[in-house]
1. What are the residues in region 3-58 that are within 15 Å of residue 71 (Cβ to Cβ) and under 18 Å from the mean Cα position of the chain (by Cα), if any?
2. Of everything in region 215-239, what is loosely packed, with under 13 Cβ neighbours inside 10 Å, in contact with a strand residue (DSSP E or B) (Cβ under 8 Å, 6 or more places away or on another chain) and more than 20 Å from residue 137 (Cα to Cα)? Give them in sequence order.
3. Cβ contacts < 7 Å: first residue touching a residue at least 24 places away in the same chain (Cβ under 8 Å) and outside the structural domain of residue 48 (by TED's automatic domain parsing), restricted to region 153-168; second residue among the polar types (S, T, N, Q) and surrounded by fewer than 15 Cβ atoms within 10 Å (Cβ to Cβ), any location; separation 6+ or different chain. Result?
4. Hey, does region 24-35 have a residue that's in contact (Cβ under 8 Å) with a residue 12 or more places away in the chain, small (Gly, Ala, Ser), more than 30 Å from residue 184 (Cβ to Cβ) and in contact with a Phe, Trp or Tyr (Cβ under 8 Å, 6 or more places away or on another chain)?
5. With the structure loaded, tell me whether residue 180 is closer than 24 Å to residue 140 by Cβ and outside the structural domain of residue 116 (by TED's automatic domain parsing) or whether it fails that test.
6. Wholly within region 66-112, which strands (runs of 3 or more DSSP E) include no fewer than the required count, namely at least 2 residues that are out of contact with any helix residue (DSSP H, G or I) (no Cβ under 8 Å at 6 or more places or on another chain), over 28 Å from residue 52 (Cβ atoms) and modelled with pLDDT of 95 or more?
7. Does any residue in region 70-88 that is assigned by TED's automatic domain parsing to the domain that holds residue 36 and under 14 Å from residue 57 (Cα atoms) come within less than 8 Å, Cβ to Cβ, of a residue that is part of a strand (DSSP E or B) and β-branched (Val, Ile, Thr) six or more places away or on a different chain, and which pairs are these?
8. Can you tell me how many residues in region 168-204 are within 13 Å of residue 233 (Cα to Cα), among the aliphatic types (A, V, I, L, M) and assigned to a loop (DSSP other than H, G, I, E, B)?
Amino acid sequence: MIYSYERRIAMSDVDEDWKLNPASALDMLQNCAMFHTVAAGSGPSDLKADHLAWVINSWNVYFDRPCDFLDTVRLSTWPHDFDRVFAHRNFTIENSRGETCVRADSVWILMQMEKQMPTRMRKELVARYETTPRLDMPPMERRVKLPQGMEARPAFFVPHFAVDANHHTNNVWYIRFALEYLPEGFRLRRLRVEYAKSARYRDQIHPLVRQEDGMFWVALTDGDGKSFVNLEFSESAAK
């Protein structure tokens, strides 16, 4: 089943060119997934008694065309596959002319929040969703392979405003942090994100960056060689 809703592109969603910025786009997709889980009866309040939560593992996002300020866009999402551990979910953002602006594939896990460990998909939860065929797009790669020669940038602490109701840094804030390092004039066509572990309030993040031939990587690490999140930005839509 495809879940959809519409909303207008607001001032807080756009960049200096009055176009939907990548972080706002991911924020909208994340919210769309949340609205769908609530509608399906497996939202936060439904899972709370069993100490469960849906957690994003990775994104593969294509920015096909810009979305304009004040345009009314249609956001859609649907699960296309469930296996023992992962739920696979597609997304689109279409403008008011029906053109696809953003396509995304994603991988989610069902997290046991007390143990902070993934758990197997539960049949009763999966049964609440009707799968829809996957978008015609390149295969999903969960892991972001970082290049050699990553360069360090000054460390910073996670601010309180970046922490969400799960007491972790919100998924989209990692993207906002990483966008700060993107070179001027970089024309983003594809974004891949791999979430490795959660950062909490006042955790120190040590960024590492690298640029090569239309590609830019950011690793937001804990300073001991372990990543919170790895991101790959590309100016090409090709795999």
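The values are calculated or read from the model by the stated rules, or taken from the named source; none is laboratory data. As the structure is a prediction and not an experimental result, all values here were calculated from the model. All Cβ positions, even for glycine, are placed from backbone atoms using ideal geometry, and neighbour counts span all protein chains on display.
1. 13, 14, 20, 21, 24, 25, 28
2. Selection gives 223 alone.
3. Listed pairs, sorted by first residue: 155/204; 157/204.
4. So far as region 24-35 goes, yes, one or more of its residues are in contact (Cβ under 8 Å) with a residue 12 or more places away in the chain, small (Gly, Ala, Ser), more than 30 Å from residue 184 (Cβ to Cβ) and in contact with a Phe, Trp or Tyr (Cβ under 8 Å, 6 or more places away or on another chain).
5. Spelling it out, it is not the case that residue 180 is closer than 24 Å to residue 140 by Cβ and outside the structural domain of residue 116 (by TED's automatic domain parsing).
6. Fully inside region 66-112 and qualifying: 72-82, 100-112.
7. Taking only residues 6 or more apart or on different chains, the pairs are 85/109; 86/107; 86/109; 87/107; 87/109; 88/107.
8. Matching residues across region 168-204 total 2.
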